[in-house]
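Working notes for the structure below.
The values are calculated or read from the model by the stated rules, or taken from the named source; none is laboratory data. Being a predicted model, the structure only gives us computed values, none of them experimental. All Cβ positions, even for glycine, are placed from backbone atoms using ideal geometry, and neighbour counts span all protein chains on display. Calculation scope for accessible area: heavy atoms of the full protein, side chains included, ligands and nucleic acids excluded. Shrake-Rupley method; radii C 1.70, N 1.55, O 1.52, S 1.80 Å.
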Amino acid sequence: MPDDSTPIPHGLTRRELLKRLGVLAGGSVMAGSLSGCEALWYRQPAIDVDAWHQGVCRFCGTGCGVKIGIQDGLVVDVKGDPDAHNRGRLCIKGILNRDILYVEDRLHHPLIRHNGELQEASWDDAMTLIAERFRESIDDYGADSVAFYGSGQLFTEESYTANKLFKAGIGTNNIDGNPRLCMTSAAAGYISVFGADEPMGCYEDIDHADCFFITGSNTHDCHPIIWERVMDRKRSRPGTQIIVVDPRETPTARRADIHLPLTPGTDVSLYNAMIHEFIENDFIDEEMVEDYLTFRQGDAERTFEDLRAHVSNYRPEDVADRCGLSARRIREAADVFASSGATMSLWTMGLNQQAQGTACNRLVNAMHLLTGHIGRPGATPFSITGQPNAGGGIRDTGSLAHALPAGRVVANPEHRAEMEDHWGVERGTISPERGYHAVELFEAMRTGDVRCCLVMCTNPAHSLPGAERYREGMERGFLVVADSVHPTETSKLADVVLPAAMWTEKGGVFSQSERRYHIVPKITEPPGDARSDLDIIVELADRLGYGDLITAREPEEIWEEWKAIAADSYYNFEGITYERMHEQPGLLWPCPDEDHPGTCRRYVPGEDPMSDRDEGRHDFYARPDRRAVIWLHDQNPPSDPPTDEYPLIMTTGRVLEHWHTATLTGPLAQLEDIDIEFLEIHPQDARRRNINDGDEVLITSRRGEATLHARITDKVPLGTVFAPFHSARRMINRTVNDTVDPFSFEPEFKVSAVDVQRTIA
Ligand code: SF4
């Protein structure tokens, strides 16, 4: 560790830099409070700056607008943008955008592994080695022997270019990324119900909702500024009802009017029971059923009467024991949901990260469609995104193993032909075979089917479920990691590590949960020799001989190319230019021309520019029959059933202050006292195992083991334990369930059978 007088590449000593950033004073982040929402709201002491620039938070999918203060080429202050949707607010992570740029783990030079050790190298040596190994693999073993694993934290222009290089250049669909781990079930839900991905509502709906149905989301901790807006609504209209479905009594659940502490993995039963209640109590919107809906079960067409018969097996009293809830509470929740003036559902990983994640998403969408709580102010099923650009950068650009840009898929020959024409490559270039999804990809590295993989801006050796198995694959293959920090669990396994610029050190577009595209400007220089991920992708293309394909090479040029491709699709954002994004804190697509203000609510005639209808309540134009689909689903048995050996169900999540695998927030001194190494366990479960509060405990599962310290609390139900997944030292993901949803291929992080025993006397 360098001492305080060691010069760092910005030309300052560490002490000088920290002093300038206000970190040494220890007062750069100050907690304040709002009524009932303590620990969410932080303010920054005013610092003199040379200029303020508009940007977007680097962290979560809330996508808060920020003002970035620059002094002598350094970011010295970050504050909330009062003109953005977050109304000037930031949570602690937003404030820490400044400090993550200057952590001592920033990587300044490429590293190449020699004799087992990573050693500093030149860019030329690193890129020569990478190109040689990729070329050798492609020539000797075919295009599908190489892969790209990206991130919802890359800019849109970066993911789009990597997608083009691998699918239209190299000729493999082995391009996937960390959004597969967090939100592909939401995407699969929207696509299979509405014909197109992404939510139809927006944050403005929060200001109009009379009921919030929050399921599988600890919004208070994980999307704090969205939660603040929910509380604004509650404060301004105290009758607003909040229903929270979560096994734990989270800070979100504590503020709910109705908390349903559901047994993990039984969501399908609960939603079917609620639909049963809607039907029994005449809450069904008959006009919706008549004019706007169609019904399916698997490949078979169904009717509303089939749905009625189907959910008759899911009366509240039938599911109560399975769900760990009382029938009365289920009825109460269904009544509040259906009878409110406008209900807005909010959900994220708790719903998505299940073996039935797509079914869960379809059913929540169905609850809105059947009751008519959709397409009106405050009435919408709204999936919250985890990362700052998983929506725009990955879902919209189709940078996943099964997808192509703007809603196209590799399995569809017309879609492939369209993209081959757009990208100027010969018909037949794009493979019709789906590539490896995230979990498969690292299994394929383990078996030797994938020999080379470029990982960008993410840390799969830590974030994958059942991580030990897939870490073996990373060790076996030729692994290249581009990241802004080192070491991470993944970069430790790499053959080559490339230093990447981050946030304001490069420029590009993010898109957050409400379909808002907004821009991060390049206003500072990266440390040392670090380069943007885009530059790395372009250089790889040149060195592999695909330079002619990558005609657009600067972020704005790439944005224009991507816009032109999307213009003939439901994703039309032709009117969103760099110039407009520099002038205002983002725009919501669809936005077909430069005079268009952006679209709050999709599928609403007269409001959504993609609809050619003048009348009617809805126009689900992305479906061939313009009707949304109600899917009938049964509850499946658990994919990782509890047994005598593994009798507890573990669910994992986050804490307010830290981000994902903590590669950015972990090194920050301000957060060193935040505990991320605990396991919440119910007092009775602890007593049976002779576990005391604070004891170190061993968590074992069918996949591996990890240790944490016990936090005994009745905030988790009997039989359920909870752990945050942030700690690299503890790596709870070694034990987590890696079964994937059959439609979205998203793993079931949220439901793992485990045992817990104390490790010390
Ligand atoms: Fe950043 Fe998310 Fe916090 Fe907003 S809520 S400041 S986007 S981390």
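Among the residues of region 71-97, those identified as touching a Ser or Thr at 6+ places or on another chain (Cβ under 8 Å) and more than 9 Å from the ligand (Cβ to nearest atom) are G73, L74, V75. Mind checking whether some residue in region 399-415 is among the charged types (D, E, K, R), touching a Lys or Arg at 6+ places or on another chain (Cβ under 8 Å) and either open to solvent by 40 Å² or more (accessible area, probe 1.4 Å) or within 16 Å of the ligand (Cβ to nearest atom) (or both)? No, the conditions are met nowhere in region 399-415. State which residue is surrounded by the fewest Cβ atoms within 10 Å (Cβ to Cβ) when the search covers only region 178-222 and only residues that are part of a loop (DSSP other than H, G, I, E, B) and out of contact with any Ser or Thr (no Cβ under 9 Å at 6 or more places or on another chain). By that ranking, first place goes to H208.
A662 versus (1) of a type in the set (A, V, I, L, M); (2) surrounded by fewer than 22 Cβ atoms within 10 Å (Cβ to Cβ); (3) in a loop (DSSP other than H, G, I, E, B): which is the lone unmet condition? For A662, the exception is condition (2).
Looking across region 223-249 at every residue that is within 16 Å of the ligand (Cβ to nearest atom) and buried (at least 24 other Cβ atoms within 10 Å of the Cβ), the one that is nearest to L90 (Cα to Cα) is identified as I225.
When region 641-659 is filtered for residues that are open to solvent by 50 Å² or more (accessible area, probe 1.4 Å) and of a type in the set (G, A, S), nothing remains. On the stretch given as region 535-545, residues that are under 20 Å from E560 (Cα atoms), open to solvent by 10 Å² or more (accessible area, probe 1.4 Å) and touching a residue at least 40 places away in the same chain (Cβ under 8 Å) total 1. Taking the criterion of being within 14 Å of the ligand (Cβ to nearest atom) and in a strand (DSSP E or B), the residues of region 54-65 that qualify are G55, V56, G65. Scanning region 705-731 for residues that are out of contact with any Leu (no Cβ under 7 Å at 6 or more places or on another chain) and aliphatic (A, V, I, L, M) gives A706, I712, V716, L718, A728, M731.
I68 fulfils the conditions (1) open to solvent by less than 10 Å² (accessible area, probe 1.4 Å); (2) within 12 Å of the ligand (Cβ to nearest atom); (3) not in a loop (DSSP other than H, G, I, E, B) except for a single criterion, (2).
Looking only at region 548-587, residues that are open to solvent by 60 Å² or more (accessible area, probe 1.4 Å) and of a type in the set (F, W, Y) come to 1 in all. Take region 556-587 and flag every residue that is closer than 16 Å to G391 by Cβ and in contact (Cβ under 8 Å) with a residue 60 or more places away in the chain. If the condition is that a residue be closer than 16 Å to G391 by Cβ and in contact (Cβ under 8 Å) with a residue 60 or more places away in the chain, then W559, W562, A566, S569, Y570, Y571, M581, G586, L587 are the ones that fit.
Sub-7 Å Cβ pairs linking a first residue in region 82-93 that is in contact (Cβ under 8 Å) with a residue 40 or more places away in the chain and open to solvent by 10 Å² or more (accessible area, probe 1.4 Å) to a second residue that is more than 11 Å from the ligand (Cβ to nearest atom) and not in a loop (DSSP other than H, G, I, E, B), at least 6 apart or interchain, are H85/Y203, ordered by first then second residue.
Apart from one condition, A51 fits all of (1) within 11 Å of the ligand (Cβ to nearest atom); (2) at pLDDT 90 or above; (3) open to solvent by less than 50 Å² (accessible area, probe 1.4 Å); the exception is (1).
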